[in-house]
1. Taking neighbour Cβ counts within 10 Å as the exposure measure, how do 52, 83 sort from fewest upward?
2. Helix 87-98 versus the longest principal axis of the chain: what angle, 0 to 90°, nearest 10, using Cα atoms?
3. So, counting K/R as plus one and D/E as minus one, what does the shell of residues with Cβ under 14 Å around residue 70 add up to?
Amino acid sequence: MSSSPIEVRPPAAYAVRLTDDLLIVELLDGRILSVPIAWYPRLLAATSNERSDWRLVGRGEGIHWPGLDEDISVAALLAGHGSAETQSSLKRWLAARQA
């Protein structure tokens, strides 16, 4: 019996939207992910302009916000993982924003 090889592609995003409460990511395979923006404190603290300044990286395998120094992988979203940033790191980042 022969079988065809299965091509496994990592999940990839093609569109990102943010509301006051949600990060919404549309995937090339048709899925739409929606997670609380509170999972990512830097996005929560960001202005609307900062939130809208994102780029897809790695052929859509991740999302990068240059002005926030925030990176989120699609795989982490699918796994239900929020930010892994420590509270001390977040406090330093917030203090630097206010300076």
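Please treat every number below as a calculation from the coordinates, not as lab data. Only a predicted model underlies this, so the values are computations on that prediction, with no experimental measurement involved. Because the Cβ atoms are built from the backbone with ideal geometry, glycine has one as well, and the counts that use them run over all protein chains shown.
1. Ranking 52, 83 by Cβ neighbours within 10 Å, fewest first, gives 52, 83.
2. 60
3. -1
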